[in-house]
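Single-structure report; data block below.
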């Protein structure tokens, strides 16, 4: 039957075309990098730098998709494990189940680690109207007024939340967490005096403290920052043993082919060594 033969040949050609497309080297179409935080966050800034460089390197479109909170991470956990959906997130990802009862994914089993992207020190800032100039004075004030001071963050499980929460527990003080939608809102809360403390990215802390809008009193890293050499570490300022590593990493859905994970990791590693990337501000 000529008609059936034509249909069969057309079907065979379609199958061949699909097979040919799937056999093309990765990546052969658009790649999404999901960021489970708002635009303007450290995570978002890092993702956009990497996406631009990968697009140049791969000659394929690479976009950043902001999906703040659990919905963003969940979407990646449920995405096809083909390398075309990636996620750039912070170390707060590892404790997602500890801070929320609504987590439907396993932070470890549902993801494949691709590569660490950066460690970004954060600076503890307070309103200039708060009567403290050192971390020791802040702790003393918090102990004198238990439950009356609060700290802002860019959201549950964000690096700003974890930096402050680890410090709160280490210093044994009672201060209240107030989560905001993102970095701009959390920072504005301190400038207005609605929040008495926030851990901000270095560029932001530099700019705001230079103009007198906030006071920078400590940094969460193990060593002082060359950008703010006069600001002591939290450990130096009185919380012995404190050292919080605010790291950020690229991940893929679990079971993503190892060769794709390796390829992406190697390419991002190459990008991170580029002179115009190493010094990019992250906040």
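The values are calculated or read from the model by the stated rules, or taken from the named source; none is laboratory data. Bear in mind the structure is a predicted one, so any value in this text is a computation, not a measurement. Counting neighbours? That spans all protein chains shown, and the Cβs are built from the backbone with ideal geometry, glycine included.
Answer yes or no: is there a residue in the stretch 24-34 that is closer than 20 Å to residue 185 by Cβ, within 12 Å of the chain's Cα centre (by Cα) and assigned by TED's automatic domain parsing to the domain that holds residue 257.
Residues of the stretch 24-34 that are closer than 20 Å to residue 185 by Cβ, as a first pass: none.
So far as the stretch 24-34 goes, no, none of its residues is closer than 20 Å to residue 185 by Cβ, within 12 Å of the chain's Cα centre (by Cα) and assigned by TED's automatic domain parsing to the domain that holds residue 257.
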For residue 39, state whether it is farther than 30 Å from residue 193 by Cβ and in contact (Cβ under 8 Å) with a residue 40 or more places away in the chain. no
In the stretch 136-161, what residues are farther than 20 Å from residue 214 by Cβ, in contact with a helix residue (DSSP H, G or I) (Cβ under 9 Å, 6 or more places away or on another chain) and part of a helix (DSSP H, G or I)? 143
When the stretch 237-248 is examined, which residues are found to be buried (at least 16 other Cβ atoms within 10 Å of the Cβ) and assigned to a loop (DSSP other than H, G, I, E, B)? 237, 238, 239, 242, 244, 246
Scan the stretch 86-113 residue by residue and report those that are more than 16 Å from the chain's Cα centre (by Cα) and part of a strand (DSSP E or B). 112
Taking residue 150 as the residue in question, decide whether it is touching a strand residue (DSSP E or B) at 6+ places or on another chain (Cβ under 8 Å) and modelled with pLDDT of 95 or more. yes
Of (1) surrounded by fewer than 19 Cβ atoms within 10 Å (Cβ to Cβ); (2) without any contact (Cβ under 8 Å) to a residue 60 or more places away in the chain, residue 189 satisfies all except one. Which? (1)
State the number of residues belonging to the stretch 138-165 that are closer than 13 Å to residue 197 by Cα and over 25 Å from the mean Cα position of the chain (by Cα). 6
If I filter the stretch 32-47 for residues that are surrounded by fewer than 20 Cβ atoms within 10 Å (Cβ to Cβ) and more than 26 Å from residue 205 (Cα to Cα), do I get at least one hit? yes
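Run down 257, 179, 226 and say which single residue is farther than 14 Å from residue 124 by Cα and in the same structural domain as residue 80 (by TED's automatic domain parsing). Break it down stepwise before answering.
Values: 179 fails: in the same structural domain as residue 80 (by TED's automatic domain parsing); 226 fails: in the same structural domain as residue 80 (by TED's automatic domain parsing).
From the options 257, 179, 226, the qualifying one is 257.
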With over 17 Å from the mean Cα position of the chain (by Cα), in a helix (DSSP H, G or I) and surrounded by 15 or more Cβ atoms within 10 Å (Cβ to Cβ) as the only criterion, which of 170, 75 stands out? 170
Subset of the stretch 173-184 [closer than 21 Å to residue 235 by Cα and either touching a residue at least 60 places away in the same chain (Cβ under 8 Å) or crowded, with 24+ Cβ neighbours inside 10 Å (or both)]: 175
The stretch 255-270 residues that are on the phi < 0 side of the Ramachandran plot, paired with ones that are assigned to a loop (DSSP other than H, G, I, E, B) (beta carbon under 6 Å, 6 or more apart): 256/81; 256/83; 260/26; 260/83
